[in-house]
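A.B. asks: To start, I am sharing the structure in question, which I have written as structure tokens.
Quick note: the coordinates plus some simple rules give every number you see, no bench work behind them. Predicted model, so just to flag it, every value in this text is computed and none were measured. Ideal geometry is used to build each Cβ from the backbone, glycine not excepted, and the neighbour counts take in all protein chains shown.
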Amino acid sequence: MSKTKEQEPIELHGDIWKHIQPGEVILDARGITKRYPGGVLANDHIDFKIRAGEIHAILGENGAGKTTLMSILFGLLQPDEGEIYVRGLKVRFRSPEDAIKMGIGMVHQHRKLVPAHTVLENILLGHPRSRGVINVKEAEEEVVAIAERYGFKVDPRARVWQLTEGEKQVVEIVKALYRGAKILILDEPTSALTPVETERLLESIETMTNEALGVVPFITHKLPMVLTISDHVTILRRGKVVDHIETAKATEQILAQKMVGRPVIFDLQKPPSQPGEPVIQVENLSAKNNKGVIALKNVSFTVREGEILGIAGVAGNGQHELAETIFGMRPAETGKIIFNGQDITQLSILDRWKLGMGYTPAERTEVGSIGDFSLVENVAMNYYFDKRYNHSGFLDYGRLRGLTEQIIEEYDVATPGPDVKIQTLSGGNLQKIIMGRVLSRQPKLVIANLPAQGLDVGATEFVQRKLLEARSNRAAVILISEDLDEILSLSDWIAPMYEGHIVDIIPAAEAKKDIIGAMIAGLHQEN
């Protein structure tokens, strides 16, 4: 096969994937460069190879260029410079359809499925075969066969809205395999999975590589998984390749330092708990979700001064409703919320702020900030009622600007200054601003909803350290996380949630990861 012949337009090449040899280079990206307006160099002459039968992880901080690179390899973006070869054939992908025709599939972190349609309909949607008459029975049999081949369980007739996050991911993977993917790009593949689902996925990935498929997970902070599943790692920092490493020769510390350019502390020192008086008592609390269905069911717990209660669970099991109900963003259907001895169940959000509640929402852009507002204006949202910054109804922008500059410095926010629009910040820096404006008020209760989700190892370390500092400053902390390692390392008490219920409340010193994992997957009986 010629190594210089360029294929344009892309046509189906049924024989291009015959006789693949393990270890053979099946994708070779050379000098990939992508520039954005304003002088941003997202990818700076990146070289990257995928070999048959290997798992090649892409690591990097938020904004390091991972997503841009993978989007180019999948045809979502066009490179400004560089070349891509598939089995020696030079290609130019003008769209994802071109990439799919050449055997490249991508499973996005945010699902690309139609909830009202069945699994089979979603798999067939957009497939070249769906443009003619479809033999539904044959298609269903083929989908089931592909799923069984790689150890997946799929109900082709189920509606997507009925599925768990893990099941939705399986549908995305089977969809890519049904379309003939030989190179599978996985965006944060286990971010929303239970430990049991994660283990099954890793087993399926191993089966894929045994059949000489190339698998490319790109990950921001789950380094133990990288070490467990991958053969090689390419590390990006600020758009450039820092290193290509054989995973067998790497450690978490080596990978993290190369990612962020400095040593990263994984074992955060958590001083012994010295709990004080109860700060918040939740009694038989129930609430509806956005569909009007009861999603939080008779939840009760107490958090005291200087304690972190970790709420563990997979997305969609009532944690989000719990956070919003405690903070006043969602009405309680039943039950009480007692804050420092006062029943606040019917109080407004503003009243709860004034009493000393702080909330960092999971939705940083939709709820936690206003993109077109400056950093100063976003910080002001938590201080507009404070007499130190509000004089007779007029905001003191000078003092607010000084406060914002103080947060930028203390929280190490990478930004040109306090007057830029907050939408220009990366996810990690946006979370630092949100957390800084909340914690700078020294709240008595901090509700941290998915505080490190999607953040790189450096930003994750910083955010977790700030939560421990709040605990040391005698705040009560409710930590809601889908990352069991985070829950186990930060919490004093752990409350696994499943289908709206708290299954148990366990001292962190006695908690075991596999048991907590079983509880949040519904495999452990409620006490």
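A.B. asks: Give the long-range amide H neighbours of D80: residues separated by 5 or more places, or on another chain, with amide H under 5 Å away, using H modelled in the peptide plane at 1.01 Å from N.
C.D. replies: Distant-sequence amide H within range of D80: T33, K34, R35.
A.B. asks: Okay, moving on. Under 19 Å Cα to Cα from K291, which aspartates and glutamates show up? Leave out anything in the same chain fewer than 8 places away.
C.D. replies: E165, E321, E324, E333, E363, E366, E499
A.B. asks: Here's a follow-up. Put +1 on the Cβ of each Lys and Arg and -1 on the Cβ of each Asp and Glu in the chain; which of V233, G39, N135 then has its Cα farthest toward the positive end of the dipole?
C.D. replies: G39
A.B. asks: Evaluate the charge dipole of the chain about its Cα centre and quote only its size in Debye, nearest 20, assuming +1 on the Cβ of each Lys and Arg and -1 on the Cβ of each Asp and Glu. Please report the intermediate quantities before stating the final value.
C.D. replies: Values: 60 positive and 70 negative charges, 198 e Å.
It comes to approximately 940 debye.
A.B. asks: Another question, then. Return the lysines within reach of K512: Cα separation strictly under 21 angstrom, same-chain partners fewer than 8 residues apart disregarded; answer none if there are no such residues.
C.D. replies: Cα-Cα hits under 21 Å: K222, K270.
A.B. asks: Trypsin sites (Lys or Arg not before Pro), restricted to the range 147-211: which are DSSP loop and have at most 10 other Cβ atoms within 10 Å? Intermediate values should be presented prior to the final figure.
C.D. replies: Numbers: sites: R149, K153, R157, R159, K168, K175, R179, K182, R200; in loops: K153, R157, R179, K182.
Answer in residue order: K153, R157.
A.B. asks: Please report, in debye to the nearest 20, how large the charge dipole of the range 237-330 is about its Cα centre when each Lys and Arg carries +1 at its beta carbon and each Asp and Glu carries -1 there. Could you put the intermediate results ahead of the total?
C.D. replies: Working: 12 positive and 10 negative charges, 108 e Å.
For the range 237-330, the charge dipole is close to 520 debye.
A.B. asks: Note down the magnitude of the dipole of the range 295-353 about its Cα centre, charges +1 on Lys and Arg C-beta and -1 on Asp and Glu C-beta and zero elsewhere, to the nearest 20 debye. Present the calculation step by step, with values, prior to reporting the outcome.
C.D. replies: On the way: 5 positive and 7 negative charges, 18 e Å.
With only Lys, Arg, Asp and Glu charged at Cβ, the dipole is about 80 debye.
A.B. asks: Taking the chain as the reference, fit the longest principal axis to its C-alpha atoms, fit the long axis of helix 397-410 to the helix C-alpha atoms, and give the angle between the two in degrees, 0 to 90, nearest 10.
C.D. replies: Approximately 60 degrees, to the nearest 10.
A.B. asks: Quick check: net charge around G356, other residues with Cβ under 10 Å of its Cβ, Lys/Arg +1 and Asp/Glu -1?
C.D. replies: Numbers: positive: R352, K354, R441, K444; negative: none.
Charge balance near G356 sits at +4.
A.B. asks: Tell me, what HN-Hα J-couplings in whole Hz come from the Karplus equation 6.51 cos²θ - 1.76 cosθ + 1.60 at θ = phi - 60° for each residue of the range 15-27, using x for Gly and Pro?
C.D. replies: After applying 6.51 cos²θ - 1.76 cosθ + 1.60, I find 9, 5, 9, 7, 6, 6, 9, x, x, 5, 6, 9, 9 Hz.
A.B. asks: Still on this structure, I have one more. So what's the back-of-envelope 222 nm ellipticity for the chain, counting only DSSP H runs of four-plus at -39500 (n - 2.57) apiece and dividing by all residues, rounded to 500? Before the final figure, lay out each step's value.
C.D. replies: On the way: 16 runs with 160 residues, N = 527.
Calculated at 222 nm, the ellipticity per residue is -9000 deg cm²/dmol.
A.B. asks: For the chain, take the longest principal axis of its alpha carbons; what is the angle in degrees between that and the long axis of helix 165-178, to the nearest 10 within 0 to 90?
C.D. replies: Roughly 10 degrees, rounded to the nearest 10.
A.B. asks: Now for a separate question. What is the sum of charges around E510, taking Lys and Arg as +1, Asp and Glu as -1, for the other residues whose C-beta is under 13 Å from the C-beta of E510?
C.D. replies: Values: positive: K512, K513; negative: D492, D504.
My count for the surroundings of E510 gives 0.
A.B. asks: Can you work out the Karplus-derived ³J(HN,Hα) for every residue in the range 54-66? Use 6.51 cos²θ - 1.76 cosθ + 1.60 with θ = phi - 60°, whole Hz, and x for glycine or proline.
C.D. replies: For the range 54-66, the Karplus curve yields 10, 9, 10, 7, 10, 10, x, 5, 4, x, 6, x, 4 Hz.
A.B. asks: Here's a follow-up. For K175, give me every one of the lysines with a C-alpha distance below 22 angstrom, ignoring sequence neighbours fewer than eight places off in its own chain.
C.D. replies: Within reach: K18, K101, K112, K137, K153.
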